[in-house]
Amino acid sequence: MPKIVDHEERRRLIADAFATVVRRDGVAGASVRAVAAEAGISPGAMRHYFDTQTGLLRFVAQDLTERLTAQMAALAPEATGTDSVVLLEELVPLDARRQADFDVWLALVVGGLTEPALAEISAEAHAAIRNVCRHVLREHGVRRPTPDQVRRLHAFVDGISMHLALYPDVVSRAAAKRSLRAEIPAIAGITLTS
């Protein structure tokens, strides 16, 4: 009797294997063959799901975006007022799970510089993060956040995330969290002009 394969579970296994390979070897090392080996499946079985690295990258980018969207949606009902900062904290590598997500996201953004399919997903994710920043500013009492305020908060989130990812010995997770919580009221209290 042929083995019944749970395709959704298999795709999840592949996405997790991709994340492991990217953290270890970078996007360039995340070939279909390398990810298949990490997942413990044959390259032939892997090609049943993704016949090219681009297809694999596209799937992983979409998977990451969908998971982050679901995590934020689960937090959203309680993320009101100043507590809305938890939505931004979901994007910052403040623990091992978020660090893994950030590592994959960063690798995919860099991959988007040369791969049009990833560039499109990266642009959509960028716009979604900007919308979260706008929402958080509104929850902090800014009725109509200016584009400058939204850009400043988005840049801060990106910057603190990069510092945590690249210089974990210089910026602790606790300090990054405190900085993020302090920066939002500072941004909410000013309006920059261009």
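The values are calculated or read from the model by the stated rules, or taken from the named source; none is laboratory data. In this text, all values refer to a predicted model and were calculated from it rather than measured experimentally. Every residue, glycine among them, receives a Cβ derived from its backbone with ideal geometry; neighbour counts consider all protein chains shown. We work out accessible area using only protein heavy atoms, side chains counted, and drop any ligands, DNA or RNA first. Shrake-Rupley method; radii C 1.70, N 1.55, O 1.52, S 1.80 Å.
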Could we say that Thr69 is open to solvent by 70 Å² or more (accessible area, probe 1.4 Å) and not small (Gly, Ala, Ser) here? yes
Assuming Pro168 fulfils every condition listed in (1) outside any loop (DSSP other than H, G, I, E, B); (2) open to solvent by 70 Å² or more (accessible area, probe 1.4 Å); (3) under 22 Å from Val22 (Cβ atoms) apart from one, which condition is it? (1)
Tally, over the stretch 129-150, of residues that are without any contact (Cβ under 8 Å) to a residue 40 or more places away in the chain and within 22 Å of Arg98 (Cα to Cα): 4
Among residues of the stretch 106-131, those that are open to solvent by 40 Å² or more (accessible area, probe 1.4 Å), under 18 Å from Leu153 (Cβ atoms) and among the hydrophobic types (A, V, I, L, M, F, W, C), counted: 2
With respect to Ser84, is the statement that it is of a type outside the set (A, V, I, L, M), open to solvent by less than 20 Å² (accessible area, probe 1.4 Å), on the phi < 0 side of the Ramachandran plot and more than 14 Å from the chain's Cα centre (by Cα) true? yes
For the stretch 35-44, how many residues are closer than 15 Å to Leu13 by Cβ and open to solvent by 30 Å² or more (accessible area, probe 1.4 Å)? 5
